[in-house]
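Engineer: Okay, here's the structure, questions in a sec.
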Amino acid sequence: MDFTFFFPTRLVFGQGKFSLLGEETARLGRRALLVTYPPRSLARVVAQAQELLARHEVEVTLFAEAAPNPTHHTVDRGAELARQAGCDVVIGLGGGSAMDVAKAIAVAAPENAGIWSIYEGRPISAPSLPVVAVPTTAGTGSEATFYTVISNPELRRKEGFARPQFFPKVSIIDPLLTLSLPPRITAETGMDTLTHAVEAYTSRLASPVSDLLAAEAIRLVGLYLRRAVADGGDLEARTQMLLANTLAGIAITHADTCLAHVIGEAVGAVFDTPHGLSVTLALPAVMEYNCLSNPGKYAGITRLLGAGEGLSERDAALQSPGLVRSLIADIRLPAGLAAIGVAESDEVTALVNRPGMDASNPRPADAKAFELLIRGSLSPSMSYWQFGGV
Ligand code: NAD
């Protein structure tokens, strides 16, 4: 029951709030680095952002290089550009990839150091630049977390790093920006939100406050993800999914994630798969592995997903992984790691099996457990239980 709760980001949530970008940014700086994707999916929104910023006399330097699974090279290039242009504020406009690159640049630019050296423990001594985060996916919650997730292709690593400096100063969270997401990205990112919520809810670090946020996020995903995938123009579903994404982001900042993220990030590092998909494919087997270690919480998940009426706590807990498998099938995501190229006992197993990787998970995991979890995640016809896992 002991906890501390610190959350310094101002959240501005609502349909149409993107129009406040110029005003909100001008309060923090006069020369903005605008970090986004290469021009394609968000071209219109980026043009709108430039217009909104110009209206408030904010000079803009565009850094449109934030590709999915961003690397430390991208961050270092962006930091160099921010220094050259004398930027005093950084805007991350896009999904987790764009927001994470922005958050990392805001620390690396004034520090005048490679971001990976900071991740490896180099102390942060210069004041970081303020960040304005504007999510365009409903998935990572990066606008509400103190994480950045950056890949190091040379080391084959993709990891989340937590520092208080990574909290955005302000996040503008506008569901209208998510209407253009295609069904597949809606499904993958929406499942990322569910994975955050389930893992924060069941983490060893869960607190009464993170539980409130995570439980509500689980309930909202259960009600609205299918609708958002089936009809991208369903504004109510988009709004509730974006809210779930932010709530789950705050929850993981306080309660961390568990083994589906450990496995998912290793898969992302090796196979460069979309983050939401990698964690989703690991989630059901991880729930099978964990559910009887904390049946109260897993029975809670079943009930938050609208099932389990009349069942004992044990039976409701055991039902929870199957409900997640059905959701994955309904939104037409591949249901197994084999579909994205993972094989038994490949590099992923070695990457996940490192000391401390199970620190937040409700149940400890050893090398054998990781091996069974990966085997149990390979295809929809497999499960952790099938391989004799208790
Ligand atoms: P993403 O940012 O990688 O974007 C995925 C794709 O969606 C891109 O091709 C992009 O062009 C497209 N896209 C984005 N918004 C769109 C829109 N509105 N319309 C049409 N297309 C759009 O995806 P993501 O899942 O949001 O972010 C994943 C990254 O975030 C991963 O690197 C992951 O590890 C990281 N992450 C960070 C945190 C955190 O707290 N910092 C938490 C979880 C995940």
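Engineer: Would you calculate, for the chain, the mean residue ellipticity at 222 nm contributed by helices, counting each DSSP H stretch of 4 or more residues as -39,500 (n - 2.57) and dividing by all residues, to the nearest 500?
Structural biologist: Rounded to the nearest 500, the figure is -15500 deg cm²/dmol.
Engineer: Taking the Cα atoms only, what angle lies between the long axis of helix 313-330 and the longest principal axis of the chain, rounded to 10 degrees?
Structural biologist: The answer is roughly 60 degrees.
Engineer: Please report the net charge: other residues with Cβ closer than 13 Å to the Cβ of residue 326, K and R +1, D and E -1.
Structural biologist: Neighbourhood net charge equals +2.
Engineer: Now for a separate question. Need one word for the chain: rounded, prolate or oblate. Basis is the Cα gyration tensor (sqrt eigenvalues a ≥ b ≥ c); a/c below 1.5 gives rounded, then a/b vs b/c decides.
Structural biologist: Prolate, since a/c reaches 1.5 and a/b exceeds b/c.
Engineer: Taking the stretch 97-164, which GluC sites (Glu not before Pro) meet the DSSP loop condition and have no more than 10 other C-beta atoms within 10 Å?
Structural biologist: Taking the stretch 97-164 and a limit of 10 other Cβ atoms within 10 Å, the loop GluC sites (Glu not before Pro) found are 120, 154.
Engineer: I'd like the accessible area for residue 291: 1.4 Å probe, protein heavy atoms, all chains in place, Å² to the nearest 10.
Structural biologist: 0
Engineer: Mind checking the per residue accessible area of the stretch 248-390 for me, 1.4 Å probe, whole number of Å²?
Structural biologist: 37
Engineer: How many percent of the accessible area of the stretch 10-178 is carbon or sulfur, using a 1.4 Å probe?
Structural biologist: Roughly 52 percent of what the probe reaches on the stretch 10-178 is carbon or sulfur.
Engineer: With a 10 Å radius around each residue's Cβ, average the other Cβ atoms per peptide and rank 352-361, 212-221, 100-109, highest first. Please report the intermediate quantities before stating the final value.
Structural biologist: On the way: 352-361: 16.4, 212-221: 24.0, 100-109: 30.1.
Averaged packing, sorted descending, gives the order 100-109, 212-221, 352-361.
Engineer: How big is the stretch 10-178 on each of its three principal axes, counting only the C-alpha atoms and giving the largest first in Å?
Structural biologist: 40, 30, 28
Engineer: Same structure, new question: How much accessible surface does residue 169 have with a 1.4 Å probe, in Å² rounded to 10?
Structural biologist: 120
Engineer: Okay, next question. How far is helix 367-376 tilted off the main Cα axis of the chain, in degrees rounded to 10, range 0 to 90?
Structural biologist: Long axis of 367-376 versus the principal axis of the chain: about 90 degrees.
Engineer: Now a separate question. Could you give the length gained by full extension between residue 27 and residue 230, i.e. 0.36 nm per residue of separation minus their alpha carbon distance, to one decimal place?
Structural biologist: So the chain would gain 69.2 nm between residue 27 and residue 230.
Engineer: In degrees, nearest 10, range 0 to 90: what is the angle between the Cα axis of helix 96-111 and the longest Cα principal axis of the chain?
Structural biologist: The answer is roughly 50 degrees.
Engineer: Which of 58, 135, 90 sits closest to the plus end of the dipole of the stretch 10-178, meaning its Cα is farthest towards the positive end, when Lys and Arg get +1 and Asp and Glu get -1 on the C-beta?
Structural biologist: 135
Engineer: So, one more: How would 166, 271 line up by accessible area, probe 1.4 Å, largest first?
Structural biologist: On the way: 166 0, 271 65 Å².
Correct descending sequence by accessible area is 271, 166.
The values are calculated or read from the model by the stated rules, or taken from the named source; none is laboratory data. From a predicted model like this one, the values you see are computed outputs, not experimental measurements. Positions of Cβ are generated from backbone atoms using ideal geometry, with glycine treated the same way; all protein chains shown enter the neighbour counts. All accessible areas refer to the heavy atoms of the entire protein, side chains included, with ligands and DNA or RNA removed. Shrake-Rupley method; radii C 1.70, N 1.55, O 1.52, S 1.80 Å.
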